[in-house]
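Enquirer: Got a structure here, written out as structure tokens. Questions coming.
Taken together, the values in this text are just the output of simple stated rules run on the coordinates, not laboratory data. Please read these numbers as outputs of a predicted model, since none were measured by experiment. Counting neighbours? That spans all protein chains shown, and the Cβs are built from the backbone with ideal geometry, glycine included.
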Amino acid sequence: MCGIVGAVSERDVQGILLEGLRRLEYRGYDSAGMAVINNEPRIQRAREVGKVAALADAIARHPASGTLGIAHTRWATHGEPSQVNAHPHMSGERLAMVHNGIIENYQELRDQLRGEGFEFTSQTDTEVVAHLIGKYFRETGKLYDAVKAAIAHLRGAYALAVVHADEPDHMVVCREGSPLVVGVGIGENFIASDQLALLPVTDRFMFLEEGDIADIRKGSVTIHDRSGAPVERAVTRFEHGTDSADKGEYRHYMLKEIYEQPKVIKATTEGRITDSKVLEQALGTDAANLLENVRHVQIIACGTSYHAGMVARYWIEELAGVPCSVEVASEFRYRKHVIQPDTLFLCISQSGETADTLAALRQAKKAGFRAAMAICNVAGSSLVRESDLVIMTQAGPEIGVASTKAFTTQLTALLMFSLALARHNGLSEEREADIVRAIHQVPGQVNDVLALNSEIEEMSKAFMDKNHSLFLGRGSQYPVAMEGALKLKEISYIHAEAYPAGELKHGPLALVDSEMPVVTVAPNNELVEKLKSNLEEVRARGGELFVFADRAADVKAEAGLHVMQLPSVHEITAPIVYTVPLQLLSYHVAVLKGTDVDQPRNLAKSVTVE
Ligand code: G6P
């Protein structure tokens, strides 16, 4: 994780770097720093613990003007959040660098460099790289050659940006396993971990490929690939029309993103479904061919995206009759798998840069799955570039660390995919038409749920002083309960656990008392009667229940049983709609508790390290 940004221009770059960091704060925010080369030329460095605002204050007090600079916002991996561990790191007084990623062999390199007389001031793996480049700069006298020589010794994942006061007209950047994009300007050029950081200065981007090393100057960008051959990388324009890195009228990005859901769910379906069917071609020109003989689907993802995969398993097995396995990427990548013939390998990732998910995909490719498919929200991300078939969600940039609109658009994409796959496996036209009609209704139903905002806000007061909570669901609502519990723990820091409702009596019931609120999602499907008995089990133990139920499910409020009536929804699309009240519940609990809703402690949006 961590975010890096750099600029080389004719104008002062401080403001550009600070704004870039603000936009990258979702990647980490425990400390931030900047190094700018002034006209002496000399490196001026500022580093502060805490958010980018603290760095901005420090720079306002001691401006560091210059036309070449690099900056960093950190999510600590090696060494606690502190000023000495904050980036940029330096080797001597004239070389500075920022790094996103993890250097696995840093300890051995550190020992070696210490033996050669280099002194370390931090506990980071990054300072090792700075000194290694410093060492080769002494030998080669050229920054580009020094970076190239140094990275040959690195194991792990990194995106680096390096400047040297002896060469004040350029920076050298490279990537291996961590994202890096070049922003192309007129008479100025930029780099960043994410194009979002550079939208105020450009909308034209070049995505570096793994192993690329680039020399970035005011008037030129020169790229070489891993083998040392000069390469051109295509310039693309930024995809999303609006600049969503702006909170608008909302108090938090998370709330804004919750409210954007009707619009982005609709955008995700646009051009991909008619009134009555999924347009398979719109899922990818080769979709028909790739889906034809799929006999098994293996889904891989992390965090919220993993929950989307768990919902999709119900759809794939129910509609397509194709067996589906779902696993978190960090587990999958470290075990031996039994590969079934004709398996479609499906990665779900909002960012398309999650290190574990990418590693799992790369392993899977070696092991020989039938095809790799991605559900992703970021065009040009590593996941998109490395997959055979891609369905882009149209959520737009998601800034809140707790994922909301990315999740519901992932579900929407996964449902369309499940229908396309099902058509190859005997799904009737009538059933497809029935479900597609239900998909068309989802944006309106989500709007109806959003209209319950103030009632949900009222309900959230009951959670404010609680330390624990249980979330229950059955069938495809079990992953919805998991996602609800994840949201609550992420942003309110209340311990929340999800259980399949039928498992309640096999353990968690022992925890139930008046201090343990129990949240349940109860759409009106065939399992609702069974769910009602589970609710009785909780009430009989004095537990307080909060039930989100379909109006038609006939769950009535009583003492200890709070019911929020939701619109009647189709059983298949219910997981999408039922997610939304749980997002609002977590949001309001967090606001009441006064936590940092958009940037909860210890977390980061995009986890590009293992
Ligand atoms: C982090 C984020 C989560 C996200 C997960 C997977 O943990 O905080 O919100 O669900 O990464 O990210 P991805 O980009 O692969 O969906």
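Enquirer: What is the set of long-range amide H partners of VAL547 at a cut-off below 5 Å, with H atoms built 1.01 Å from backbone N?
Expert: Sorted by chain and number, the residues that satisfy this are THR520, HIS562, VAL563, MET564.
Enquirer: Next up: Between ALA552 and ASN289, how high is the FRET efficiency from 1/(1 + (r/R0)^6) when r is the Cβ-Cβ distance and R₀ = 35 Å? Nearest 0.05.
Expert: Efficiency computed from Cβ-Cβ geometry: 0.25.
Enquirer: Quick one: angle between helix 52-61 and the longest Cα principal axis of the chain, in degrees between 0 and 90, rounded to 10, please.
Expert: Taking the Cα atoms of the chain, the angle to 52-61 is about 30 degrees.
Enquirer: Relative contact order, percent, of the chain when contacts are C-alpha pairs under 8 Å separated by at least 6 residues?
Expert: 12
Enquirer: Let me ask something additional. What angle do you read, to the nearest 10 degrees and between 0 and 90, between the alpha-carbon axis of helix 126-140 and the longest principal axis of the chain?
Expert: 30
Enquirer: Report the one residue of LEU109, LEU24, VAL8 whose Cα lies farthest in the direction of the positive end of the charge dipole of segment 1-144 (charges on C-beta: Lys and Arg +1, Asp and Glu -1; origin at the Cα centre).
Expert: Highest projection toward the positive end goes to VAL8.
Enquirer: By how many nm would the segment from PHE120 to SER220 lengthen if fully extended, with 0.36 nm per residue of separation less the alpha-carbon distance?
Expert: So the chain would gain 32.6 nm between PHE120 and SER220.
Enquirer: Report ³J(HN,Hα) in whole Hz for each residue of segment 172-179, in order, from the Karplus equation J = 6.51 cos²θ - 1.76 cosθ + 1.60 where θ = phi - 60°; Gly and Pro get x.
Expert: These are the phi-based 3J(HN,Hα) values: 10, 10, 7, 9, 7, x, 10, x Hz.
Enquirer: Testing the spin-label approximation: label points 7 Å from Cα along Cα→Cβ at GLU455 and ARG431. State their distance in nm.
Expert: Going by the 7 Å Cα→Cβ label model, 3.3 nm.
Enquirer: Compute the helix-to-body angle for 303-315: its Cα long axis versus the longest principal axis of the chain, expressed 0 to 90° and rounded to tens.
Expert: Here the helix axis deviates by roughly 40 degrees.
Enquirer: Once phi is turned into ³J(HN,Hα) by the Karplus curve 6.51 cos²θ - 1.76 cosθ + 1.60 with θ = phi - 60°, what whole-Hz value does each residue of segment 197-211 show in order, with x for glycine and proline?
Expert: 5, 10, 4, x, 10, 7, 10, 10, 9, 10, 9, 6, 9, 3, x
Enquirer: Which FRET efficiency value, to the nearest 0.05, do you get for GLU139 and ARG335 by plugging their Cβ-Cβ distance into 1/(1 + (r/R0)^6) with R0 = 41 Å?
Expert: 0.40
Enquirer: About the Cα centre, and with charges only on the beta carbon of Lys, Arg (+1) and Asp, Glu (-1), how big is the dipole of the chain? Nearest 20 debye, please.
Expert: Its charge dipole is roughly 440 debye.
Enquirer: Taking amide H positions as placed in the peptide plane 1.01 Å from N, state which residues far from ASP596 in sequence (5 or more) or on other chains have amide H under 5 Å from it.
Expert: HN-HN under 5 Å from ASP596: ARG601.
Enquirer: Straight distance only, please: which lysines reach the Cα of LYS366 with their own Cα at less than 19 Å, same-chain residues fewer than 8 apart left out?
Expert: Candidates past the 8-residue exclusion: LYS336.
Enquirer: Can you tell me the dipole magnitude for segment 321-371 around its Cα centre, using point charges on the Cβ only (Lys, Arg +1; Asp, Glu -1), in Debye to the nearest 20?
Expert: It comes to approximately 260 debye.
Enquirer: CYS324's amide H: which non-local residues (gap 5+, or another chain) put their own amide H closer than 5 Å, with H modeled 1.01 Å from N in plane and none for Pro or chain starts?
Expert: Amide H neighbours of CYS324: VAL297.
Enquirer: Would you please report the Å³ per residue occupied by the convex hull of the alpha carbon atoms in the chain?
Expert: Taking only Cα atoms, the chain has a hull volume of 153 Å³ per residue.
Enquirer: OK, next. Once the other residues with Cβ under 11 Å from the Cβ of GLY543 are scored (Lys, Arg +1; Asp, Glu -1), what is the net sum?
Expert: The answer is -3.
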